[in-house]
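A short write-up of the structure that comes next.
The values are calculated or read from the model by the stated rules, or taken from the named source; none is laboratory data. The shown structure was predicted, so the numbers you read here are calculated from the model rather than taken from an experiment. Cβ coordinates were reconstructed from backbone atoms using ideal geometry, including for glycine residues, and neighbour counts include every protein chain displayed. Ligands, DNA and RNA are stripped out before the accessible areas are found, and what is left, the full protein with its side chains, is counted by its heavy atoms. Shrake-Rupley method; radii C 1.70, N 1.55, O 1.52, S 1.80 Å.
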Amino acid sequence: MPKVKLPIYMDYNATTPIDARVLGSMMPYLTDDFGNAASINHSFGWRAEKAVEDSRNSIADFLHAEPKEIIFTSGATESNNIAIKGAYEVYKEKGNHIITQATEHKAVLDTCKYLEKHGAKVTYLPVDEFGQVRVEDLEKAITDKTILISIMAANNEIGTYQPIAEIGKIAKAKNIPFHVDAAQAAGKINLNVQELGIDALSLSAHKVYGPKGIGVLYVRGKNPHLRLAPVIHGGGHEQGLRSGTLNVPFIVGFAKACEIAKAEMFKENARLVALREQLRSGIVRQLDNVLVNGHPNNRLPNNLHLSFLGVQSDAIMMSLADEVAVSAGSACTSKSVEPSHVMKALGVSRERAAGAIRFGLGRFTTEEEVDFVAERFVSTVKRLRELSPLKNSG
Ligand SMILES: *Cc1c(COP(=O)(O)O)cnc(C)c1O
């Protein structure tokens, strides 16, 4: 019997559990302090409003921003939608060109696809073998019609960091608004919007041990002021940019999650890198034909993305479904294995995409769990390779 409790959660890039300290901070606002932050005539409203403004200050501090530049949303999907559609709506008279890149989250790619139907021209920059955009490609893509650059800080599948600071410098020099989807990078790198030259930035609480369904859009207020059109209308909350009654307990929890991330980031990153290396070496020591996807070191500390050649990720995950929760880098359709858009953008072989697994480590991952998972992957892949019809095909 393993000493670990099963099943083991190793999919922290998909979502994270709520930290107990975060839940503790939220509880009063789910019970006694239930007021509407927009009720200006009584103490229930005042207490809710104070909680929201304290949280806003705290999240502004996390990003080195001003409180009035913080807009609460339902998550990074919505933040990405407001940033991209909102900028297009305002700046389309000036130009209709948007630059993004091939491995963005669907919340960015699908929003850009939508705008293409409404007159936008979108450049989807390719990535190199590690998943990074080439800054020269970006510079070449800029035209006098370019009104927005949207590049993520870290990829949610393969963990690769993009050269955000360099891109920020170029955007600044050319006077083009720069949006960053930082849902994965939050709590992993210092997101200083001043130093990084960022004009709009999306965050999601549930990727940083906060609740699901709450997010933030940072919108630069000065030097220069980024103008965005609202996507949701009604009531004029959040400076008219995002109407709707504020979710006070979730906002409080999100702020607490950011405070913890800020205080513990360096220690936590070091621990995660050590655990990831333990997992990687535990697997590759005992198994041949395992490849690392994404950048070897310029990547999220908690993300390991491996391709097990000669096997299909679905078969591995099915075998281990009761023991380990991980993600695949491909999806089975009725006819074939379809690589994810990220694996396709990397230009890897079908075999490499078909056997890709994402391991996401996190705050509550233990060394015992890592050893157990490494062991189980080694024995499962060995067994599946023995069964494989491809075994002797070369
Ligand atoms: C999770 C994630 C999103 C979506 O965030 P939600 O808050 O779940 O809408 C967007 N972008 C990236 C990079 C993500 O990892």
(message) Suppose we keep only residues that are touching a helix residue (DSSP H, G or I) at 6+ places or on another chain (Cβ under 8 Å) and surrounded by fewer than 18 Cβ atoms within 10 Å (Cβ to Cβ) within region 319-336. Which one would you say is modelled with the highest pLDDT?
(response) Glu323
(request) Search region 148-175 for residues being within 17 Å of Gly95 (Cα to Cα) and open to solvent by less than 10 Å² (accessible area, probe 1.4 Å), and hand back the single one that is farthest from the ligand (Cβ to nearest atom). (result) Ala171
(message) Can you find a residue that is within 19 Å of the chain's Cα centre (by Cα) and assigned to a helix (DSSP H, G or I) anywhere in region 274-296?
(response) yes
(message) Condition first: part of a loop (DSSP other than H, G, I, E, B), touching a Pro at 6+ places or on another chain (Cβ under 9 Å) and either within 16 Å of the ligand (Cβ to nearest atom) or at positive phi (or both). Now tell me which residues in region 94-142 satisfy that.
(response) Ala102, Gln132, Val133
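Out of Leu63, Leu23, Leu30, Leu109, report the one residue that is surrounded by fewer than 23 Cβ atoms within 10 Å (Cβ to Cβ) and under 18 Å from the mean Cα position of the chain (by Cα).
Result of the check over Leu63, Leu23, Leu30, Leu109: Leu109.
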(request) Inspect all residues belonging to region 147-157 and state whether any of them is farther than 25 Å from His97 by Cα and assigned to a loop (DSSP other than H, G, I, E, B). (result) yes
(request) Would you tally the residues in region 67-93 being part of a helix (DSSP H, G or I) and among the hydroxyl-bearing types (Ser, Thr, Tyr)? (result) 4
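Hey, among Lys207, Lys212, which residue is open to solvent by 50 Å² or more (accessible area, probe 1.4 Å) and modelled with pLDDT of 95 or more?
Numbers: Lys207 fails: open to solvent by 50 Å² or more (accessible area, probe 1.4 Å).
That would be Lys212, the only listed residue that is open to solvent by 50 Å² or more (accessible area, probe 1.4 Å) and modelled with pLDDT of 95 or more.
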(request) Considering every residue within region 217-225, establish whether at least one is over 14 Å from Ile84 (Cα atoms) and either within 20 Å of the chain's Cα centre (by Cα) or β-branched (Val, Ile, Thr) (or both). (result) no
(message) Out of everything in region 176-206 that is among the polar types (S, T, N, Q) and not in a strand (DSSP E or B), what residue ends up being nearest to the ligand (Cβ to nearest atom)?
(response) Gln184
(message) For region 41-55, check the following and say yes or no: at least one residue is within 15 Å of the ligand (Cβ to nearest atom) and either in contact with a Gly (Cβ under 7 Å, 6 or more places away or on another chain) or modelled with pLDDT of 95 or more (or both).
(response) no
(request) Would you confirm whether any residue within region 259-277 is among the charged types (D, E, K, R), at pLDDT 95 or above and touching a Leu at 6+ places or on another chain (Cβ under 7 Å)? (result) yes
(request) Looking for whichever is open to solvent by less than 60 Å² (accessible area, probe 1.4 Å), out of contact with any His (no Cβ under 7 Å at 6 or more places or on another chain) and not hydrophobic (A, V, I, L, M, F, W, C) here; the options are Asn57, Asn41, Asn36. Which one fits? (result) Asn36
(message) Scan region 219-228 and tell me whether some residue there is in contact with a helix residue (DSSP H, G or I) (Cβ under 8 Å, 6 or more places away or on another chain) and within 16 Å of the ligand (Cβ to nearest atom).
(response) no
